[in-house]
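Everything below concerns the one structure shown next.
A short reminder: the numbers here are calculations on the coordinates, not readings from a lab. Just so it is clear, the model here is predicted, and its values are computed rather than measured. Because the Cβ atoms are built from the backbone with ideal geometry, glycine has one as well, and the counts that use them run over all protein chains shown.
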Amino acid sequence: MNNKHRATLRRIFEIPVRGDVAWRDVEKLFIALGAELSEGAGSRVRVALGGLRAVFHRPHPSLATDKGALKSVRRLLEQAGVKP
């Protein structure tokens with residue numbers, strides 16, 4: 001992981017939950033952690049990380065990830081043993 005990925009990880013785990021984390025940065029973090037991403041129907045993105053699987057929706061028209069999705073990303077990372 002580079003410094004940009006570490007910064008994204010810290011932003012995901014901040015409390016209160018941020019509303020300005022770009023989804024493309026979240027996807028880049030997943031890839032840096034070794035996750036497999038695959039496209040689903042519509043705006044769905046399937047993520048497989050550490051034996052866990054999750055489905056997220058890419059935000060649109062905004063580029064920022066909404067707070068609910070960011071909480072789900074945080075939960076997936078915690079379950080996979082990833083912490084800042």
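With charges set only on the Cβ (+1 for Lys and Arg, -1 for Asp and Glu), what does the dipole of the chain come to about its Cα centre, in debye to the nearest 20?
Value, rounded to 20: 160 debye.
Please compute the net charge surrounding Leu76, taking Lys and Arg as +1 and Asp and Glu as -1 over other residues with Cβ under 14 Å from its Cβ.
Overall, the nearby charge balance is +3.
Could you tell me which residue out of Val73, Ala35, Ser62 lies farthest along the dipole of the chain toward its positive end? Charges go on the beta carbon: Lys and Arg +1, Asp and Glu -1, centred on the Cα centre.
Comparing the listed Cα positions along the dipole, Val73 ranks first.
Can you give the net charge of the other residues whose Cβ lies under 13 Å from the Cβ of Arg18, counting K and R as +1 and D and E as -1? Intermediate results must be reported in sequence, preceding the final value.
On the way: positive: Arg10, Arg11, Lys67, Lys71, Arg74; negative: Glu14, Asp20, Asp25, Asp66.
That works out to +1.
Kindly provide the helix-only [θ] at 222 nm of the chain, computed as the sum of -39,500 (n - 2.57) over DSSP H runs of four or more divided by all residues, to the nearest 500 deg cm²/dmol?
Details: 3 runs with 33 residues, N = 84.
Mean residue ellipticity, 222 nm, calculated: -12000 deg cm²/dmol.
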